[in-house]
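Visitor: Here it is: the structure, laid out below.
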Amino acid sequence: MIISRDDPAAARLVADIFRTGGVAVLPCDTIYGLVGPAPESEPRIRKIKGRGERSPFLMLIGDESWMSHYTDQPLPSPLAPFWPGELTLLFRARGSGGAVAFRLPRDPWLRSVLSLTGRPLFSTSVNRSGEPHLWRIDEIVNRYEGEVDAIVTAGDLPEAAPSTILDLTAKPYKVVRQGKVVIPPSIIEESGRV
């Protein structure tokens, strides 16, 4: 199913797909993402993506409070101005000793999808593992139309950069991937002294 993001029913249609465990391609603040409900869509997203079982997916959340099921680490106050936004944060995972990644989107349409779905969504860039992300909507449709339940179109995204990934489990914080958001060096330096 191809859906225009401008369709007034688009957010509801996509949320219905997610509530039944489906997977879709969506515009996600920065680039197109392969998105599905956490945790049940993970095997299908991995198969579509061609991604190994060890690399985790980030979770899109509708509200900071959604993190409490997964981590007991709070959002550091110096980073609050960057959320919502194009910043993915790695927190300590509750109980496992590993990490869990969250992004609170800025885009109102994507936030409405999350609100209607009522739960976190896994997200990863639209591409096969090891290949550049796709930004031409025609190419995305040609490659993924038969593999996902819906593709939401918002045109080509040629200037898009992925989200910045910041590891909050490291002291000082560590930039894992430099993307659209630039974290001031003073915040990173201060995190090593706390």
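Visitor: Calculated FRET efficiency, residue 131 and residue 77, Cβ-Cβ r, R0 30 Å, to nearest 0.05?
Guide: Values: r = 38 Å, r/R0 = 1.26.
For R0 = 30 Å, the calculated efficiency reads 0.20.
Visitor: Right, another one. Based on other C-beta atoms within 10 Å, arrange 115, 41, 123 from fewest to most.
Guide: Values: 115 12, 41 21, 123 27.
In order of increasing Cβ crowding within 10 Å: 115, 41, 123.
Visitor: Relative contact order of the chain: what whole-number percent is it, with Cα pairs under 8 angstrom and at least 6 residues apart?
Guide: Values: 371 pairs, mean separation 56.6, N = 194.
About 29 percent, as a whole number.
Visitor: Mean-square fluctuation check for the chain, GNM, Cα pairs under 10 Å: which of 95, 118, 36 is largest?
Guide: In the Gaussian network model the winner is 95.
Visitor: Same structure again: Rule-of-thumb check for the chain: C-alpha Rg over 2.2 N^0.38 Å? List each step's numbers first, then the result.
Guide: Working: Rg = 16.3 Å, N = 194, 2.2 N^0.38 = 16.3 Å.
It is 1.00.
Visitor: For segment 43-119, I need the span (max minus min coordinate) of the C-alpha atoms along each principal axis, in Å, sorted largest to smallest.
Guide: Principal extents (Cα only, largest first): 34, 31, 20 Å.
Visitor: How many angstrom separate the Cα center of segment 167-189 from the Cα center of segment 106-133?
Guide: Here the two parts' Cα centres lie 22 Å apart.
Visitor: For a quick check, take a GNM of the chain with Cα springs below 10 Å and name the residue from 82, 122, 102 with the largest mean-square fluctuation.
Guide: Among 82, 122, 102, the largest GNM mean-square fluctuation belongs to 82.
Visitor: Quick one: if you stick a label point 7 Å off each Cα along the C-beta vector at residue 171 and residue 159, how many nm between them?
Guide: 4.1 nm
Visitor: Can you tell me how segment 1-72 classifies by the Cα gyration tensor, rounded, prolate or oblate, using a/c under 1.5 as the rounded cut? Intermediate values should be presented prior to the final figure.
Guide: Numbers: a/c = 1.80, a/b = 1.24, b/c = 1.45.
Oblate, because a/c is 1.5 or more while a/b does not exceed b/c.
Visitor: Moving on to the next point. Per 0.36 nm of contour for each residue apart, how much would the distance between residue 139 and residue 69 grow if the chain were fully extended, relative to their Cα-Cα spacing? Walk me through the intermediate numbers first.
Guide: On the way: separation 70, 0.36 × 70 = 25.20 nm, distance 3.69 nm.
Stretched out fully, the residue 139 to residue 69 stretch lengthens by 21.5 nm.
Visitor: When N is the residue count of segment 84-194, what does its C-alpha Rg come to as a fraction of 2.2 N^0.38 Å?
Guide: On the way: Rg = 16.4 Å, N = 111, 2.2 N^0.38 = 13.2 Å.
The value comes to 1.24.
All of the numbers you see were taken from the coordinates with simple rules; none came from a lab. Everything numeric in this text was worked out from a predicted model, so none of it was measured. Don't worry about glycine lacking a Cβ; one is built from the backbone with ideal geometry, like all the others, and counts go over all protein chains shown.
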